[in-house]
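**Q** Take this structure, written in structure tokens, and hold onto it; I'll ask about it next.
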Amino acid sequence: MFEKVLIANRGEIALRVARACRELGIRTVAVYSTVDRDSAVVRFADEAVCIGPPESRLSYRNAAAIIEAARSTGAQAVHPGYGFLSEDPDFAEICAENGIVFIGPRPEVMAVLGDKARARAVMAGAGLPLLPGSPHTLATVGEAAAVADELGYPVMLKVAAGGGGRGMAVVTAPEELPGAYTRTRAVARTVFGDDRVYLERYLSPARHVEVQVLCDAHGNAVHLGTRDCSVQRRHQKLIEEGPAPGLAATTIAALEAAAVRGALAVGYSGVGTFEFLVDEAERFFFMEINCRLQVEHPVTELITGVDLVHEQLHVASGLPLRLRQDEIQVRGVAVECRVNAEDPDRDFAPTPGRLTGFRPPAGPFTRVDTHGHPGYRISPHYDSLLAKVVVWAPERELALSRMERALDEFEVDGVRTTIGFLRRVLDHPPFRKGRYATDIVERLLQPAGSVPPPDAEQSARRTR
């Protein structure tokens with residue numbers, strides 16, 4: 001096991017990783033931008049290194065500064081958390097060239113899976129079902145139009161190098177395609193530095209269901225159950241729960257088996273998440289693989305009792321899996337709500353500012369992952385996630401009641417948050433019944449009697 005790990009991230013995930021390292025007797029190095037000098041992880045870690053100004057490209061995305069911080073402190077490994085450089089194969093390669101372990105899959109595996117079009121081809125070869133789509137990226141709007149005509153509208157344009165719900169556009173008619181194609185490629189260039197796009201048939205209504213996998217470098221792989229992440233706004237998740245409710249046991253088993261098959265086919269190592277769309281007939285289709293720790297990983301931890309960060313560190317050190325599939329049991333139900341510093345009444349606009357009061361909930365089977373505290377200033381430079389409230393119960397209805405109680409306890413002063421909106425979702429009958437799809441937020445926001453429009457083109461406001 002490593003003696004010292006540098007955490008190349010900020011916020012709640014950096015603190016989460018630092019805590020896991022301390023439990024394992026691993027010393028930690030926090031990195032921070034000038035605006036994060038007084039952050040919780042800086043106070044908690046054994047060492048801390050300033051890596052630049054607030055702009056993420058000059059700090060948390062600055063590979064050279066992070067490598068220098070690791071070398072100067074003697075860190076043997078880098079944990080990237082999620083976002084920023086967590087799925088950057090070039091950064092993983094630079095780590096290897098400097099004798100530093102990147103805690104994640106091998107660079108060549110990330111390069112394949114980070115290209116959504118290539119990942120589709122690999123998973124098709126492994127027998128995973130795919131939505132009909134373009135067999136390759138689309139160099140011109142004419143190519144896109146030909147594929148869309150063959151697939152039939154509506155279709156979805158996607159960025160080949162994208163992720164995190166960014167760089168997507170639903171196109172409902174031929175006349176919309178040229179503008180959507182141009183805008184999506186522009187987003188791709190600006191956000192990902194890669195303007196390649198591809199098309200898929202747009203499936204609606206559908207559920208967004210994912211499978212957590214854990215693999216080692218010795219050809220072993222296990223799954224840790226399912227999560228439903230269908231409660232989203234602009235393809236950004238708000239509420240996650242596990243196991244996915246309302247699905248037949250045979251469907252869940254097939255999803256889990258497909259994820260393990262796909263992971264072994266590509267030689268995956270570390271933790272990863274296979275994401276699927278599931279239609280009303282419970283047919284499922286592969287979407288993508290997230291080559292990192294997910295924001296919603298606590299859901300899986302609560303229903304399995306497995307600490308995913310501990311296991312990440314274990315397999316990254318070269319050791320084989322400690323878990324067999326028959327040892328992993330899913331028990332009860334866990335629900336996670338993301339509390340963001342955003343104003344739902346202003347289209348979820350970020351609300352940076354100082355927390356004049358901050359008291360998270362507590363109580364039985366209630367977990368809060370947060371970096372917030374009274375006096376903490378939420379910066380406009382980064383993601384608006386403030387806290388993750390996660391609860392567990394033996395059955396779903398009690399878990400939802402427990403989450404309602406926890407959100408009612410959560411006191412945040414100084415900025416607007418999504419707490420009130422999350423309570424609305426929890427009270428919404430389709431959600432309560434566990435029979436909801438990815439359009440649930442749009443439907444909830446629509447006036448009574450109106451029909452929500454298809455998803456609009458996605459913006460790229462988030463910095464990670």
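**Q** Relative contact order of the chain: what whole-number percent is it, with Cα pairs under 8 angstrom and at least 6 residues apart?
**A** 15 percent
**Q** On a C-alpha basis, how far is the centre of segment 1-30 from the centre of segment 203-282 in Å? Whole number, if you could?
**A** Spelled out, the Cα-based centre of one part sits 27 Å from the other.
**Q** Follow-up question, since we're still on this one. Hey, can you grab everything whose amide H is under 5 Å from the amide H of Q232? Only 5+ residues off in sequence or another chain; H modelled, so Pro and N-termini drop out.
**A** L238, I440, V441
**Q** So, one more: So how far, in whole Å, is the C-alpha centre of segment 132-159 from the one of segment 392-443?
**A** 37 Å
**Q** How high is the relative contact order of segment 207-445, given as a whole-number percent (alpha carbon pairs under 8 Å, six or more residues apart)?
**A** 21 percent
**Q** I need the peptides 250-257, 435-442, 320-327 ranked by packing, meaning the mean over residues of other C-beta atoms within 10 angstrom, with the highest value on top.
**A** Averaged packing, sorted descending, gives the order 435-442, 250-257, 320-327.
**Q** Show me, for segment 350-366, the HN-Hα J-couplings you get by feeding each phi into the Karplus relation (A = 6.51, B = -1.76, C = 1.60, θ = phi - 60°), rounded to Hz, glycine and proline as x.
**A** Here the 3J(HN,Hα) series is x, 10, x, x, 8, 7, 7, x, 7, 9, x, x, 9, x, x, 6, 10 Hz.
**Q** Just to check I understand the Karplus step: with θ = phi - 60° and J = 6.51 cos²θ - 1.76 cosθ + 1.60, what whole-Hz values come out for segment 111-120, glycine and proline as x?
**A** Per-residue couplings from phi come out as 4, 5, 6, x, 8, 4, 5, 5, 4, 4 Hz.
**Q** Testing the spin-label approximation: label points 7 Å from Cα along Cα→Cβ at R322 and R57. State their distance in nm.
**A** 4.2 nm
**Q** Right, something else. Tell me, what ³J(HN,Hα) does each residue in segment 401-407 have, in order and in whole Hz, if you take phi through Karplus 6.51 cos²θ - 1.76 cosθ + 1.60 with θ = phi - 60° and put x for Gly and Pro?
**A** 5, 5, 5, 4, 4, 5, 5
**Q** Using a ≥ b ≥ c from the Cα gyration tensor of segment 207-445 (square roots of the eigenvalues), is it rounded, prolate or oblate, where a/c under 1.5 gives rounded and otherwise the larger of a/b and b/c decides, a/b for prolate?
**A** Taking the square roots of the gyration eigenvalues as a ≥ b ≥ c, segment 207-445 is prolate.
**Q** I would also like to ask the following. Order the peptides 290-301, 39-50 from the highest to the lowest mean number of other Cβ atoms within 10 Å of their residues.
**A** 290-301, 39-50
**Q** Is it possible to state the helix-based mean residue ellipticity at 222 nm for the chain, with each DSSP H run of 4+ residues giving -39500 (n - 2.57), the sum divided by total residues, to the nearest 500 deg cm²/dmol? What is it?
**A** Result for the chain, helices only: -9000 deg cm²/dmol.
**Q** Which Cα, out of H297, V266, L308, lies furthest along the positive dipole direction of segment 199-350 (beta carbon charges, K/R +1, D/E -1)?
**A** Working it through, the farthest residue towards the positive pole turns out to be V266.
**Q** Considering only the other residues whose Cβ falls under 12 Å of the Cβ of A96, what net charge follows from Lys and Arg at +1 and Asp and Glu at -1?
**A** Charge balance in the 12 Å sphere: -3.
We did not get these values from a lab; they are worked out from the coordinates using the rules stated. Keep in mind it's a predicted model, so treat the numbers as computed, not measured. Backbone-built Cβ (ideal geometry, glycine too); neighbour counts: all protein chains shown.
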